[in-house]
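See below for the structure under consideration.
The values are calculated or read from the model by the stated rules, or taken from the named source; none is laboratory data. Just so you know, these numbers come straight off a predicted model, no measurement behind them. Just so you know, the surface numbers come from the protein's heavy atoms only, side chains and all, with ligands and any DNA or RNA stripped out. Shrake-Rupley method; radii C 1.70, N 1.55, O 1.52, S 1.80 Å.
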Amino acid sequence: MARDSSIPVRKAILRHLKTDGAVTAVVPAARIYPPQRPAKPTWPFVLYGVTIYAPLRASCLDGATLTGAIHSFLKSEEGAAAAGAAISQSLDGAELDLTGAGYPARASIVVTGGRTIQDGDEGDAWHGIVDIRADVA
């Protein structure tokens, strides 16, 4: 049976990031958002992007693989790169417990890449992107 675990995985990742001192040293925990963010968020901020869900089936396994990205928005290239580095270090290899969300599962997180780009027409607006994969079983 395919189960879309994207919401509990998102909640677990957001909790994890908000309690990581290296991440919150760059972006305050109160500014780490799910896909729905305030209309005009105060910079800097982090946004959990929308994920893509695919069933993961194997012998004695009924899980899912989710792919997505964590976005950071800062007013300098160095800041966006630092946020991306902190998020990558925090999430790569993380094992997150989903049992509190009603799922008898864990999410194994792997960072698959990332980049830092200029954001829009503003010269001082930068966007860090950390690509992730979450395997849920």
Sum of -39500 (n - 2.57) over DSSP H runs of 4+, divided by residues of the chain (222 nm, nearest 500): -7000 deg cm²/dmol
Accessible area per residue, Å², the chain with all protein chains present, probe 1.4 Å: 51 Å²
Kirkwood hydrodynamic radius (C-alpha pairs) into Stokes-Einstein, the range 2-77, 25 °C and 0.890 mPa s, D in µm²/s: 178 µm²/s
Intensity falloff of the chain expressed as log10 I(q)/I(0), Debye formula with alpha-carbon point scatterers, at q = 0.14, 0.22 Å⁻¹: -0.61, -1.30
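Over the chain, with every protein chain in place, what whole percent of the accessible area is carbon and sulfur at 1.4 Å, could you tell me?
Working: 3790 of 6990 Å².
Looking at the chain in its full context, I get 54 percent from C and S.
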Stokes-Einstein D in µm²/s, Kirkwood radius over Cα pairs - the range 86-137 at 20 °C with 1.002 mPa s viscosity: 168 µm²/s
Mean separation of Cα contacts under 8 Å (6+ apart) over length of the chain, as relative contact order %: 25 percent
